[in-house]
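Below is one structure; the comments refer to it alone.
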There are 2 protein chains.
Amino acid sequence: MTDQSPTRTGGRAARRAARAAPLADHLRPIRPGMTGGQYKPLSDADMAAIHAAALQALEEIGLVDAPESGVAYLTAAGAVLGDDGRIRFPRALVEDTLARANRSVTLHSRDGKHDLELSGARVHYGTAGAAVHMVDVEGRNYRECGIQDLHDAARICDRLDNIHFLQRPMVARDILDNREMDLNTVYACSAGTTKHIGTSFTDPAYVPAALEMLHLIAGGEDKWRERPFMSNSNCFVVPPMKFATESCQVMEACIEGGMPVLLLSAGMAGATAPSTVAGAIVQACAECLAGLVYVNAVKPGHPAVFGTWPFGLDLRSGAMTGGSGEQALLTAGCAQMHKFYGVPGGAAAGIADSKLPDMQAGWEQMCSNVMAGLSGLNMVYEAAGMHASLLGFCHESLILGDDLIGQALRCVRGIEVNDETLALDQMREVCLGGPGHYLGTEQTLSRMELDHVYPALGDRTSPKEWAELGKPDLLEKATARKEEILSDRAAARFAPDLDHAIRAAFNIHLPA
Amino acid sequence: MTDQSPTRTGGRAARRAARAAPLADHLRPIRPGMTGGQYKPLSDADMAAIHAAALQALEEIGLVDAPESGVAYLTAAGAVLGDDGRIRFPRALVEDTLARANRSVTLHSRDGKHDLELSGARVHYGTAGAAVHMVDVEGRNYRECGIQDLHDAARICDRLDNIHFLQRPMVARDILDNREMDLNTVYACSAGTTKHIGTSFTDPAYVPAALEMLHLIAGGEDKWRERPFMSNSNCFVVPPMKFATESCQVMEACIEGGMPVLLLSAGMAGATAPSTVAGAIVQACAECLAGLVYVNAVKPGHPAVFGTWPFGLDLRSGAMTGGSGEQALLTAGCAQMHKFYGVPGGAAAGIADSKLPDMQAGWEQMCSNVMAGLSGLNMVYEAAGMHASLLGFCHESLILGDDLIGQALRCVRGIEVNDETLALDQMREVCLGGPGHYLGTEQTLSRMELDHVYPALGDRTSPKEWAELGKPDLLEKATARKEEILSDRAAARFAPDLDHAIRAAFNIHLPA
């Protein structure tokens, strides 16, 4: 920055003018794919012990209920089908798979500007889930959610810098036919955002039609296969240690169609997984390792995300809880195992148990989100908008989540230490005959946009200013922002010709 | 646990009966002094660079404005007074001090049950600050705070498990005379809680009278000196790199009186400290190292807490902000430097910029609190109740902070990895011919209280249950809890004789 400022004043004026323009992407203080990993809940010995237990579970317990096709793929690869119907995995097979599996996966965006490069400890945040309720903030009410709510969520995500992808966060309960629901979900998400999308399919038979729509959107099958902008969130197991037969068939169809897969193991610690954090991680790793063998047996090197998603349980009631410290540890521990295996991975964070976007929701969402980021989780799913332990989705909360995740990303970026940031020269200048404060130093002014994240809706006024502004309410501000985003009807919609073509081929429920 | 259960059913019934009783302290899932440190924002090279810069700053820039007595102590110890009035510290002096300084400090409680053992990465959370407003949640209003508000805060802290100490969080603005305010602060805090207390003194002349009151409370000077249950929060520097002359004199008087000191350096990054996170940490370390030399020059080995408290600034407005990601990094980085130096340390976390205990407050308080804990900060000051960037204190928020900090402490406790928690035997039992779920296993039942933290006011009901309960509001629940705590007039008050003796000697403003 010094080269542009012959005089102090001229330089400052130039910088002020420059600051009026938005920062270039590479200068933004936070970005998708920042590198975490500074937080390590597990020691090296802990990780080795977890891996050893997972290998033993795969070798001795194995998984039951693979579809016939899966049995054929897996046994051909070297897995062993027992008389009890369980498929067991020799450790050499698992280790060979890990050696050959993808170390990085690109999850493409439709616009090419929001591609996610999953590798190392690079962190991305986005939505996910299968909420069945929409949270109405103003009415403090839960109502059934529908396809319009989903589409609106997509359009909101499209406009939020710190929501890096849209995995379908809720199910369209107003479409009763499963095939129509799945296809309209693909449409509602794709028509709302050009960011990467994750979705799910109820039945393998629906995949070909979905691919047909995706080919239309991409401009041809070759274009789709070159840059598949949608991935399949695949619950391929029913924990503990059972394949989900139909979902495995969906997975095979998606692999065939060139769609990346998220290998999602969603055990509930204390019900469908051991109640201990370590035990739930062991089982999730064992199940996802089985899934990784499966994917690579179907198509070596197919892009797959290692989706260890163990959830917490409130053992007093037996109900799910996602907002706890235990949940944050489950997710962070899994993230570290992804690094141990050297495979791209994802898990769930940011879930609130609270029914509304209140103080509890804030602390719950931040706890697991910041720990997930600091542990270097590649894909932080469920990161925004999720309430009532995944039963409710809230647009206002999604919008506030953009600020919350921005703050978490600033923490992930961490502390830069170099001669300039150590600032000894500044200290000398300021203290020894200088002004006695740093407010006007070149470094303070030049770095104020590069180093600092400013919240969009978060309030930093003094009590006096706040009173003068009429004591603005956080949720009312979020509602206003929601209405502003949703009133912009043009954003991210398909071109009219494309939209027409899709509507000609499919029964699209959203109004044109 | 297995030895008490000859049959499965009998064991379960016995456990259920046992669970009705509160858990013994050593069995509680979270406790004061749990060990953090799993999060390391700085590399070894980063820490060495920060230390080198701090040493260079002390050697080349030094600090100005020490009182005469301080100049005498410091130059006798080997510091050098320059012609410019600045005292410079040869690195050998700093390194010798670090080699001789306390590696651990005990901050005593009045009841002996809440002593804080500061060493290593042991974590404790508590209040602190000098708020000038009380936040009235129901009225959404800020009003001046007074001595009764402070006393009420003390009484509330006394009842919250996860608030481990009470440092005076607000100033009694209804007592205009500084001496009376300081002495009534000592009374209001001590009369409200038996936990460790931190306070401040406006003038060194007030310290002897405060010690007189403390001797009365302790039952004699010898008893006080044996277990000093109050520490002096001492802003001994006015950053950058200036001693606060009067506060240094206060510090000398407190050392003389046997009171532990918190060496508090509260620079504002971008105003009174460099704007970069690393630079603000360098300056805070330099200033606290100077303070440590000072304390050890007055009295070798006197208990001191290394209080690097750099605060964040919103550089757009020049106003303080404590709820940011930058703040969380400042605090976590300082915590790691305390480990580097091997001295007990403290810093600020849990500050909300938000004016009310809303979603923003929740995410702001959790972000820095959980990162402070994970970084192993010994004393997390300002951890609960603080709003409006330290200008406002809120009783309801303090109460909710107990849940929030409980969750952070669960994260600090981390992931236990051993044969039992890896749970391979359980997996085998459950999956191979077993029930297919873990709900009823011995391990799930026996660990449900030992492993899991349950919120007191945080809501985990389903949307249906929540609606049936009348959609309880989090803040209303906190207000009800506040009223319940404060209605118990007997708790923690002084014995009548002692109270009478204190009131005979001092003008106590709180009604008897």
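Which of the residues spanning region A:381-411 are facing chain B (nearest Cβ under 8 Å), in contact with a strand residue (DSSP E or B) (Cβ under 8 Å, 6 or more places away or on another chain) and crowded, with 24+ Cβ neighbours inside 10 Å?
A:ALA388, A:SER389, A:GLY392, A:SER397, A:ALA408, A:LEU409
Go through region A:197-248 and give me each residue that's within 22 Å of A:HIS151 (Cα to Cα), touching a strand residue (DSSP E or B) at 6+ places or on another chain (Cβ under 7 Å) and either assigned to a helix (DSSP H, G or I) or not aromatic (Phe, Trp, Tyr) (or both).
A:ILE197, A:GLY198, A:THR199, A:SER200, A:LEU214, A:MET230, A:SER231, A:ASN232, A:SER233, A:ASN234
Would you point out which residue out of A:THR245, A:THR276, A:THR321, A:THR331 is touching an Asp or Glu at 6+ places or on another chain (Cβ under 6 Å), modelled with pLDDT of 95 or more and closer than 28 Å to A:GLY373 by Cα? Even if it seems obvious, please write down each step before you answer.
Numbers: A:THR245 fails: closer than 28 Å to A:GLY373 by Cα; A:THR276 fails: touching an Asp or Glu at 6+ places or on another chain (Cβ under 6 Å); A:THR331 fails: touching an Asp or Glu at 6+ places or on another chain (Cβ under 6 Å).
Exactly one residue qualifies, and that residue is A:THR321.
The rows are residues; the columns are (1) closer than 30 Å to B:SER368 by Cβ; (2) more than 26 Å from the chain's Cα centre (by Cα); (3) part of a loop (DSSP other than H, G, I, E, B).
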{"site": "A:GLY401", "(1), (2), (3)": "yes, no, no"}
{"site": "A:GLN407", "(1), (2), (3)": "yes, no, no"}
{"site": "A:MET448", "(1), (2), (3)": "yes, yes, yes"}
{"site": "A:ARG460", "(1), (2), (3)": "yes, yes, yes"}
{"site": "A:ALA478", "(1), (2), (3)": "yes, no, no"}
{"site": "A:ILE485", "(1), (2), (3)": "yes, no, no"}
{"site": "A:HIS500", "(1), (2), (3)": "no, yes, no"}
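Residues checked against (1) among the charged types (D, E, K, R); (2) more than 30 Å from A:THR272 (Cβ to Cβ):
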site: A:PRO169; (1), (2): no, no
site: A:LEU176; (1), (2): no, no
site: A:VAL186; (1), (2): no, no
site: A:HIS196; (1), (2): no, no
site: A:ASP203; (1), (2): yes, no
site: A:LEU211; (1), (2): no, yes
site: A:LEU216; (1), (2): no, yes
site: A:ASP222; (1), (2): yes, yes
site: A:PRO228; (1), (2): no, yes
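Pick from B:ALA53, B:ALA79, B:ALA92, B:ALA72: which is within 31 Å of the chain's Cα centre (by Cα) and not polar (S, T, N, Q)? Steps first, please.
Working: B:ALA79 fails: within 31 Å of the chain's Cα centre (by Cα); B:ALA92 fails: within 31 Å of the chain's Cα centre (by Cα); B:ALA72 fails: within 31 Å of the chain's Cα centre (by Cα).
None of the others qualify; the one that does is B:ALA53.
Would region A:102-110 turn up any residue that is surrounded by 15 or more Cβ atoms within 10 Å (Cβ to Cβ) and at pLDDT below 95?
Applying the first criterion (surrounded by 15 or more Cβ atoms within 10 Å (Cβ to Cβ)) to region A:102-110 yields A:102, A:105-110.
Add one more test, that the residue is at pLDDT below 95, and what stays is A:102.
Yes; the residues of region A:102-110 include at least one that is surrounded by 15 or more Cβ atoms within 10 Å (Cβ to Cβ) and at pLDDT below 95.
Taking the condition of being basic (Lys, Arg), at the interface with another protein chain (Cβ under 8 Å from one of its Cβ atoms) and within 28 Å of B:LEU23 (Cα to Cα), how many residues in region B:459-489 meet it? Walk me through how you get there before you give the answer.
Our first condition is that a residue be basic (Lys, Arg); within region B:459-489, this holds for B:460, B:464, B:471, B:477, B:481-482, B:489.
In the following step, the residues that additionally are at the interface with another protein chain (Cβ under 8 Å from one of its Cβ atoms) were identified as B:460, B:471.
Now drop any that are not within 28 Å of B:LEU23 (Cα to Cα), which leaves B:460.
Total satisfying the criteria: 1.
Have a look at B:GLY434, B:GLY440, B:GLY414 and point out the one that is of a type in the set (Gly, Ala, Ser), surrounded by fewer than 15 Cβ atoms within 10 Å (Cβ to Cβ) and either without any contact (Cβ under 8 Å) to a residue 60 or more places away in the chain or facing chain A (nearest Cβ under 10 Å) (or both).
Numbers: B:GLY434 fails: surrounded by fewer than 15 Cβ atoms within 10 Å (Cβ to Cβ); B:GLY414 fails: surrounded by fewer than 15 Cβ atoms within 10 Å (Cβ to Cβ).
Being of a type in the set (Gly, Ala, Ser), surrounded by fewer than 15 Cβ atoms within 10 Å (Cβ to Cβ) and either without any contact (Cβ under 8 Å) to a residue 60 or more places away in the chain or facing chain A (nearest Cβ under 10 Å) (or both) holds for just one of B:GLY434, B:GLY440, B:GLY414, which is B:GLY440.
I'm checking my understanding of the structure. Among residues of region A:305-335 that are in a loop (DSSP other than H, G, I, E, B) and within 15 Å of B:TYR454 (Cβ to Cβ), which one is farthest from the other protein chains (Cβ to nearest Cβ)? Show your work before the answer.
Pass one, region A:305-335, residues in a loop (DSSP other than H, G, I, E, B): A:309-310, A:315-318, A:322-324.
Next, only the ones that are within 15 Å of B:TYR454 (Cβ to Cβ) stay: A:315-318, A:322-324.
Values: A:LEU315: 4, A:ARG316: 7, A:SER317: 7, A:GLY318: 7, A:GLY322: 10, A:GLY323: 7, A:SER324: 7 Å.
In this case the residue turns out to be A:GLY322.
When you check A:ALA456 against the structure, is it under 25 Å from the mean Cα position of the chain (by Cα) and more than 9 Å from chain B (Cβ to nearest Cβ), yes or no?
Working: under 25 Å from the mean Cα position of the chain (by Cα): yes; more than 9 Å from chain B (Cβ to nearest Cβ): yes.
It is true that A:ALA456 is under 25 Å from the mean Cα position of the chain (by Cα) and more than 9 Å from chain B (Cβ to nearest Cβ).
What pairs can you find where one residue is in region B:147-163 and under 23 Å from B:ARG31 (Cβ atoms), the other is part of a loop (DSSP other than H, G, I, E, B) and among the acidic types (Asp, Glu), and their Cβ atoms are less than 9 Å apart, with a gap of 6+ or different chains?
Going by the 9 Å Cβ cut-off, the qualifying pairs are B:ARG155/B:ASP488; B:ARG159/B:ASP488.
Within the bounds of region A:371-378, is there any residue that is in a helix (DSSP H, G or I), more than 12 Å from the chain's Cα centre (by Cα) and either at the interface with chain B (Cβ under 9 Å from one of its Cβ atoms) or under 16 Å from A:ALA266 (Cβ atoms) (or both)? Walk me through how you get there before you give the answer.
Of region A:371-378, the ones in a helix (DSSP H, G or I) are A:371-374.
Right, trim to more than 12 Å from the chain's Cα centre (by Cα) and you get A:371, A:374.
Next, from what is left, pick out any that are either at the interface with chain B (Cβ under 9 Å from one of its Cβ atoms) or under 16 Å from A:ALA266 (Cβ atoms) (or both): A:371, A:374.
Yes, region A:371-378 contains at least one residue that is in a helix (DSSP H, G or I), more than 12 Å from the chain's Cα centre (by Cα) and either at the interface with chain B (Cβ under 9 Å from one of its Cβ atoms) or under 16 Å from A:ALA266 (Cβ atoms) (or both).
Just a yes or no: is a residue in region B:397-414 modelled with pLDDT under 95 and not β-branched (Val, Ile, Thr)? If you could, list the steps in order and put the result at the bottom.
Quick first cut of region B:397-414, residues modelled with pLDDT under 95 only: none.
So far as region B:397-414 goes, no, none of its residues is modelled with pLDDT under 95 and not β-branched (Val, Ile, Thr).
Quick check: anything in region A:253-276 touching a Cys at 6+ places or on another chain (Cβ under 7 Å), within 14 Å of another protein chain (Cβ to nearest Cβ), buried (at least 24 other Cβ atoms within 10 Å of the Cβ) and among the polar types (S, T, N, Q)?
Within region A:253-276, one or more residues are touching a Cys at 6+ places or on another chain (Cβ under 7 Å), within 14 Å of another protein chain (Cβ to nearest Cβ), buried (at least 24 other Cβ atoms within 10 Å of the Cβ) and among the polar types (S, T, N, Q).
State yes or no: is B:ALA280 within 9 Å of chain A (Cβ to nearest Cβ), assigned to a helix (DSSP H, G or I) and in contact (Cβ under 8 Å) with a residue 12 or more places away in the chain?
Numbers: within 9 Å of chain A (Cβ to nearest Cβ): yes; assigned to a helix (DSSP H, G or I): yes; in contact (Cβ under 8 Å) with a residue 12 or more places away in the chain: yes.
The answer is yes for B:ALA280.
Being at pLDDT 95 or above and farther than 24 Å from B:ASP174 by Cα is true for just one of B:ALA76, B:ALA130. Which residue is that? Explain how you work it out, then say what you get.
Working: B:ALA130 fails: farther than 24 Å from B:ASP174 by Cα.
Only one candidate passes the filter, namely B:ALA76.
Residues in region A:176-184: is at least one in a loop (DSSP other than H, G, I, E, B), under 22 Å from the mean Cα position of the chain (by Cα) and in contact (Cβ under 8 Å) with a residue 12 or more places away in the chain? Walk me through it before giving the result.
First pass over region A:176-184, keeping only residues in a loop (DSSP other than H, G, I, E, B): A:176-177.
Then drop every residue that is not under 22 Å from the mean Cα position of the chain (by Cα), which leaves none.
No.
Please work out which one of (1) surrounded by fewer than 23 Cβ atoms within 10 Å (Cβ to Cβ); (2) in contact (Cβ under 8 Å) with a residue 60 or more places away in the chain; (3) hydroxyl-bearing (Ser, Thr, Tyr) is the condition A:SER231 fails and give its number.
Unmet for A:SER231, out of (1) surrounded by fewer than 23 Cβ atoms within 10 Å (Cβ to Cβ); (2) in contact (Cβ under 8 Å) with a residue 60 or more places away in the chain; (3) hydroxyl-bearing (Ser, Thr, Tyr): (1).
Inspect region B:482-489 for any residue being without any contact (Cβ under 8 Å) to a residue 24 or more places away in the chain, hydroxyl-bearing (Ser, Thr, Tyr) and farther than 30 Å from A:HIS387 by Cβ and give the result as yes or no.
Checking region B:482-489: at least one residue is without any contact (Cβ under 8 Å) to a residue 24 or more places away in the chain, hydroxyl-bearing (Ser, Thr, Tyr) and farther than 30 Å from A:HIS387 by Cβ.
Residues that are more than 26 Å from B:ALA273 (Cα to Cα) and more than 14 Å from every other protein chain (Cβ to nearest Cβ): which helices (runs of 4 or more DSSP H) entirely in region B:19-136 hold 2 or more of them? Spell out the reasoning first.
On the way: elements: B:44-60, B:68-77, B:91-100.
In region B:19-136, the matching helices (runs of 4 or more DSSP H) lie at B:68-77, B:91-100.
Quick one: in region A:340-364, of everything that is facing another protein chain (nearest Cβ under 7 Å), in a helix (DSSP H, G or I) and touching a Ser or Thr at 6+ places or on another chain (Cβ under 8 Å), which residue is nearest to A:SER233 (Cα to Cα)?
A:ALA361
Answer yes if at least one residue in region B:104-117 is in contact with a strand residue (DSSP E or B) (Cβ under 7 Å, 6 or more places away or on another chain), among the acidic types (Asp, Glu) and under 29 Å from B:LEU377 (Cβ atoms), and no otherwise.
First, the residues of region B:104-117 that are in contact with a strand residue (DSSP E or B) (Cβ under 7 Å, 6 or more places away or on another chain): B:104-109, B:114-117.
Narrowing further to those that are among the acidic types (Asp, Glu): B:115, B:117.
Right, trim to under 29 Å from B:LEU377 (Cβ atoms) and you get B:115, B:117.
Yes; the residues of region B:104-117 include at least one that is in contact with a strand residue (DSSP E or B) (Cβ under 7 Å, 6 or more places away or on another chain), among the acidic types (Asp, Glu) and under 29 Å from B:LEU377 (Cβ atoms).
Would you check which residues across region A:137-159 are assigned to a strand (DSSP E or B) and buried (at least 19 other Cβ atoms within 10 Å of the Cβ) and list them? Step through it out loud before you land on a result.
Kept after step one, since they are assigned to a strand (DSSP E or B), are these residues of region A:137-159: A:141-144.
If the condition is that a residue be assigned to a strand (DSSP E or B) and buried (at least 19 other Cβ atoms within 10 Å of the Cβ), then A:TYR142 is the only one that fits.
Of the residues A:LEU450, A:LEU457, A:LEU469, which single one is surrounded by fewer than 15 Cβ atoms within 10 Å (Cβ to Cβ) and within 30 Å of A:ALA121 (Cβ to Cβ)? Walk me through how you get there before you give the answer.
On the way: A:LEU457 fails: surrounded by fewer than 15 Cβ atoms within 10 Å (Cβ to Cβ); A:LEU469 fails: within 30 Å of A:ALA121 (Cβ to Cβ).
Checking each option against the conditions leaves just A:LEU450.
I'd like the full set of residues that are farther than 15 Å from A:ALA290 by Cβ and either surrounded by fewer than 20 Cβ atoms within 10 Å (Cβ to Cβ) or touching a Leu at 6+ places or on another chain (Cβ under 6 Å) (or both), limited to region A:234-252. Steps first, please.
Keep residues of region A:234-252 that are farther than 15 Å from A:ALA290 by Cβ, which gives A:246, A:249-250.
Once the filter is applied, which keeps residues that are farther than 15 Å from A:ALA290 by Cβ and either surrounded by fewer than 20 Cβ atoms within 10 Å (Cβ to Cβ) or touching a Leu at 6+ places or on another chain (Cβ under 6 Å) (or both), region A:234-252 yields only A:GLU246.
The values are calculated or read from the model by the stated rules, or taken from the named source; none is laboratory data. The model shown is predicted, which means the values in this text are computed figures rather than measured ones. In this analysis, Cβ positions are derived from the backbone assuming ideal geometry, glycine residues included, and neighbour counts consider all displayed protein chains.
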